[in-house]
Amino acid sequence: EGNTWTRTRFAYVGSVQSADFSDSTRGWAISVEGIVQTIDLRTLGTGEVSASSPLALVLGQSYPNPVHDAAAIPLRTMQRGRVHAAVHNIAGREVAVLHDGEIPAGEHLLGWDVSAIPNGTYFVTVRLGSSIAVQRVVVAR
């Protein structure tokens, strides 16, 4: 460890797809798996991935994508808890709620009927406790 480094534990978010910052020290990273992780450069340091502290949830890619009629969206939760899964349009308006309630730990499949949804880009956002996962889904007929 260097004089200005701090050893920290962090959750691996996969290959980073993009990172955005709200100021010179704080922001967030989005992985190719759709997982969002906040970043605070004031506390960023070296660390190790710990098997005892896995991510609370992992949101898989919608199938199919682009979606024509209906989508299946895989979700894996590492713990039992209240899950809120919603779809937002590009303007940030909620257009559908896929699930809102308790689910056990394990593999799940969220269904989304897009028959009444206009073509466009949408974002599936899943919250479990303080964890948030986001996936982009395109509706095209």
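Table for the structure above
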read-out	value
Complete set of residues in the stretch 111-141 that are of a type in the set (Val, Ile, Thr), open to solvent by 10 Å² or more (accessible area, probe 1.4 Å), over 10 Å from SER62 (Cβ atoms) and part of a strand (DSSP E or B)	THR121, THR125, ILE132, VAL134
Residues satisfying the stated conditions in the stretch 77-101, i.e. open to solvent by 60 Å² or more (accessible area, probe 1.4 Å) and assigned to a strand (DSSP E or B)	ARG82, GLU94, VAL97, ASP100
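The values are calculated or read from the model by the stated rules, or taken from the named source; none is laboratory data. Predicted, not measured: the structure shown is a model, and the values here were computed from it. Cβ coordinates were reconstructed from backbone atoms using ideal geometry, including for glycine residues, and neighbour counts include every protein chain displayed. For accessibility, only protein heavy atoms count, side chains too; no ligands or nucleic acids. Shrake-Rupley method; radii C 1.70, N 1.55, O 1.52, S 1.80 Å.
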